[in-house]
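The values are calculated or read from the model by the stated rules, or taken from the named source; none is laboratory data. Just so you know, these numbers come straight off a predicted model, no measurement behind them. Here the Cβ positions follow ideal geometry from the backbone for every residue, glycine too, while neighbour counts run over all protein chains shown.
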Amino acid sequence: MKRLIARQPLFNAREVVTAYELILSFDTAQLLSGEVKKEELPDNIRLSLYGSEDSSDEKIVDVCIDITPEILLGSDIQRLSKKSVILYLREPFNSKPEHLSALQSLKADGFRVGLGSFATDDKYFETVKLADQLVVDFRGKSESELRLVPNWCKSYNIKTVAHNLETRAAFELARKLEYNSFHGPFFHKAEYVAKEAVPGFKLNYLRLLQEINDSDISFDKLERIIKQDVSLTYGLLKYINSAAFGLRMEVESIKHALTLLGIMLVKRWATMVAIANIGKGLPVEALVTCMVRGKFLEELGHKLGHAQRGDDLFFMGIFSLIDLFFSRPLEEILEEMPIKADIKAAILGDGGQFAELLSMVKVYEDGDWKPLLASASKLGVSEDHIAGLYFDALDWTQNLFGSS
């Protein structure tokens, strides 16, 4: 069976992803002992946790995984890859000296270690010297408290992780205070500006999105719309020729794409490319989140008997973050978009038949397993299927961006 695992990005100050933190629906000890089989994990996460025989494998990215003081005392941790795993120890030790000894051995073996802010306590002085990172939860702390940590860590050559940044303002504060890494949902939280302040090129793309998603659009009109914008044409053909489609021939024109793939699939990709152009300057992870949401919701809809609404559900995932790309309220943007009423209601939090599906993908991103499993049970979908759909959406998106 598949296991629920959320993958949350850590960014550098330029908002480039440097690692992912893993949120597990099971105990880390189960993973390390082999009770959770490697085959139950998605390929990219399995490679990051356990490594690959091919040392040049580009799919391997750094991952952060929580461990407890008790786990330090066992040998199972040696199953993990020293190259790509960062061990997060957020709980303070008890009085046993063997915890410190075990941590020293792991560091000597080449593991990287992230400690919770408990390590700033004087009694953990010996532990601090082993830390590569100090993880600071930003929630509920004053600026004066947060300011002390980077200065303190510089004395020990420790990198700082600003954790649980829930707003763009929190991220900007952490960056101002010279933290090194940044975690939290801030990267897909919109900051609204006055309507007239939206750049003209974004409004042009909004008009394109309106026309592309018109339910009555014809083959010829869709082709004309896409051809109006050189970057849209180029980007669309580039994506259609990517590994995500697996076509055996190269698609050389919009008309060729329409002939091969049909109006709905081309509409989908024209929408995605338009949003990618609008989102230039935003973290790539924001667009990745859109695409994962869209693909997950489309496939979940198939599973629940809504195959005929697959495109609507895909667009629901995409447009659930459209305010981020335009810096305008969702209500204002969606009012101008030809989106079906039940899809619009779900995005705006007004209920409807698809509201629970959108909520499921959001709580999955948060690693909030209890409400996710409650919704899955209500809808008659197993944990195994939910995990499989999410992993498949991640793989599909990774292939798409890997070929772009």
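Considering (1) assigned to a loop (DSSP other than H, G, I, E, B); (2) basic (K, R); (3) touching a residue at least 60 places away in the same chain (Cβ under 8 Å), the lone condition that K238 does not fulfil carries the number (1).
Residue-wise test of (1) in contact with a Lys or Arg (Cβ under 6 Å, 6 or more places away or on another chain); (2) closer than 20 Å to I65 by Cα; (3) in the same structural domain as R90 (by TED's automatic domain parsing).
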{"site": "G116", "(1), (2), (3)": "yes, yes, yes"}
{"site": "F125", "(1), (2), (3)": "no, no, yes"}
{"site": "F138", "(1), (2), (3)": "no, yes, yes"}
{"site": "E143", "(1), (2), (3)": "no, no, yes"}
{"site": "R147", "(1), (2), (3)": "no, no, yes"}
{"site": "N164", "(1), (2), (3)": "yes, yes, yes"}
{"site": "A169", "(1), (2), (3)": "no, no, yes"}
{"site": "E178", "(1), (2), (3)": "no, no, yes"}
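Determine if segment 218-229 includes at least one residue that is over 20 Å from N12 (Cα atoms), polar (S, T, N, Q) and not in a helix (DSSP H, G or I). Scanning segment 218-229 turns up at least one residue that is over 20 Å from N12 (Cα atoms), polar (S, T, N, Q) and not in a helix (DSSP H, G or I). Checking segment 5-12 against the condition returns a match, with at least one residue being at pLDDT 95 or above, closer than 21 Å to H183 by Cα and assigned to a loop (DSSP other than H, G, I, E, B). Considering segment 369-378, the residues that are out of contact with any helix residue (DSSP H, G or I) (no Cβ under 6 Å at 6 or more places or on another chain) and surrounded by 14 or more Cβ atoms within 10 Å (Cβ to Cβ) include one that is farthest from A6 (Cα to Cα), namely L373. Screening segment 1-52 for residues that are of a type in the set (D, E) and either touching a residue at least 12 places away in the same chain (Cβ under 8 Å) or not assigned by TED's automatic domain parsing to the domain that holds N164 (or both) and picking the one that is surrounded by the most Cβ atoms within 10 Å (Cβ to Cβ) gives E21. Against the list (1) buried (at least 17 other Cβ atoms within 10 Å of the Cβ); (2) at pLDDT below 85; (3) assigned to a helix (DSSP H, G or I), the condition N204 fails is (1). Of the residues making up segment 331-344, those that are surrounded by 13 or more Cβ atoms within 10 Å (Cβ to Cβ) and in contact with a Gly (Cβ under 9 Å, 6 or more places away or on another chain) number 3. Can you spot a residue in segment 291-308 that is within 26 Å of H188 (Cβ to Cβ), part of a helix (DSSP H, G or I) and touching a Cys at 6+ places or on another chain (Cβ under 7 Å)? No: segment 291-308 contains no residue that is within 26 Å of H188 (Cβ to Cβ), part of a helix (DSSP H, G or I) and touching a Cys at 6+ places or on another chain (Cβ under 7 Å). State which residue pairs qualify: first residue at negative phi and inside segment 328-348, second residue among the basic types (K, R) and surrounded by 15 or more Cβ atoms within 10 Å (Cβ to Cβ) in any location, beta carbons under 6 Å apart, and separation of 6 or more residues or different chains. Cβ pairs passing all conditions: L334/K344.
The helices (runs of 4 or more DSSP H) found entirely in segment 53-136 that carry 1 or more residues being farther than 28 Å from L394 by Cβ and free of Cβ contacts under 8 Å to residues at least 12 places away in the same chain are 97-109, 125-128. Sub-8 Å Cβ pairs linking a first residue in segment 161-181 that is at negative phi to a second residue that is crowded, with 23+ Cβ neighbours inside 10 Å and in a helix (DSSP H, G or I), at least 6 apart or interchain, are A162/F171; A162/A174; L165/F171; L165/A174, ordered by first then second residue.
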